[in-house]
Amino acid sequence: MHTSSRWRLALLALLLALPNCTATCTATAGYITLDLLSTNSTACDTNLHALCLASFQASIDADCKVALTPLNGSGVYVPGIWSTNAAGTYKRPVQCPTSASAPVDPGSLTPSALKSAFQTALERHVYGAAFVLGISQVTWTNGTVTVATVAGSCTLKYAITKLSAVDNSITAMIGSDAEPAVCAIDGTVSNGAECQLALIDDCPPGTRPVELPSGGKACARCRAGTYSVDGKACTACAAGKFVGSVGASVCTSPCAAGSYASGDSFQPFLGQAQNACQMCNASTDPRYTSEVGADYCTVPYIDSVCTDGALRQDCAAGCTRQGKLFDRPLFHQEAWFMGAGHEYNAETTTCDECPAGTERKVGREDFCVPW
């Protein structure tokens with residue numbers, strides 16, 4: 001046989017021996033929903049995985065790729081980084097991913113391969129494959145998934161609260177480990193702290209109820225930027241305030257001067273979380289500033305006038321008292337306000353003086369308010 005023919009046959013044999021993903025990697029799309037139950041310390045309540053993945057879905061698609069999708073994660077921020085330089089952090093935080101992460105190919109459909117792909121997806125979720133956040137171990141036990149992180153030695157305990165129980169999906173291929181959590185007095189998910197057997201019983205402060213398929217409800221940690229006083233539901237922080245950890249029962253910390261938190265007053269979606277205050281110099285004008293507990297930043301302009309067509313309220317033509325221009329970085333909009341001591345009269349389209357015993361500060365209230 002000619003030498004070149006032997007090489008071609010050898011190459012063909014090698015190609016035939018390689019795994020054929022098109023033929024072997026077929027699955028039914030499915031998912032597992034995981035909710036954070038607890039961490040091993042208060043310091044770990046600000047762990048980056050806890051911040052960005054307080055509630056998420058782990059899914060497999062028809063091409064056998066594993067991906068993570070955060071649930072209700074908008075408005076949660078973590079420190080930005082300079083590419084792979086972890087020490088070179090931006091002073092300004094960046095938002096956690098809000099959509100599905102880049103899918104990870106498990107290589108095969110064995111339980112160990114799928115769990116390994118799940119761990120890889122966790123490591124890449126926050127900053128991507130360029131800078132992974134190390135996970136030392138992921139343990140699947142009786143409807144729970146415990147994640148041990150490399151940095152900070154944090155342990156995050158999740159409950160599997162929902163799944164798509166279909167043949168040939170991720171739940172079926174992982175096996176008995178991918179089952180819904182069960183609330184029990186002495187179980188893996190403990191009654192009273194991490195769950196409630198009776199639906200009428202409230203979860204602890206700092207958590208929210210998530211009904212379990214087997215009965216009862218898991219008590220999932222409130223995501224960062226939200227809080228729960230009574231364990232019935234998590235509420236977004238008010239404008240000008242923030243909470244930077246999961247599992248908060250109150251949100252009373254005001255933003256420092258020179259920063260702001262829009263809160264749910266000016267967010268495009270009600271209930272959006274706010275776990276970090278944004279610096280005022282996010283604007284192109286470095287003179288922007290704010291008071292303590294502000295929900296936006298302002299910069300005064302001297303000899304400015306109130307003009308027609310303001311975005312938040314229409315100022316009357318000819319109102320020449322000093323106004324103030326401010327920018328809400330969330331919308332990148334500018335608006336003129338009337339001078340202090342005046343409010344807009346919609347019926348007469350004039351700027352009226354505040355009645356006795358009331359006042360209006362520029363850029364703070366819409367109308368005159370009592371002293």
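Details
- Note on segment 52-70: residues that are surrounded by fewer than 24 Cβ atoms within 10 Å (Cβ to Cβ), of a type in the set (A, V, I, L, M) and out of contact with any helix residue (DSSP H, G or I) (no Cβ under 9 Å at 6 or more places or on another chain) total 1.
- So residue 143, is it buried (at least 21 other Cβ atoms within 10 Å of the Cβ) and on the phi > 0 side of the Ramachandran plot: yes
- All positions within segment 127-142 that are β-branched (Val, Ile, Thr) and part of a strand (DSSP E or B): 135, 138, 139, 141
- Selected residue (criterion: modelled with the lowest pLDDT) from residues of segment 172-211 that are farther than 18 Å from residue 234 by Cβ and within 25 Å of the chain's Cα centre (by Cα): 178
The values are calculated or read from the model by the stated rules, or taken from the named source; none is laboratory data. Computed from a predicted model, the values in this text were never measured in an experiment. No Cβ is skipped: glycine too gets one built from the backbone with ideal geometry, and neighbour counts run over all protein chains shown.
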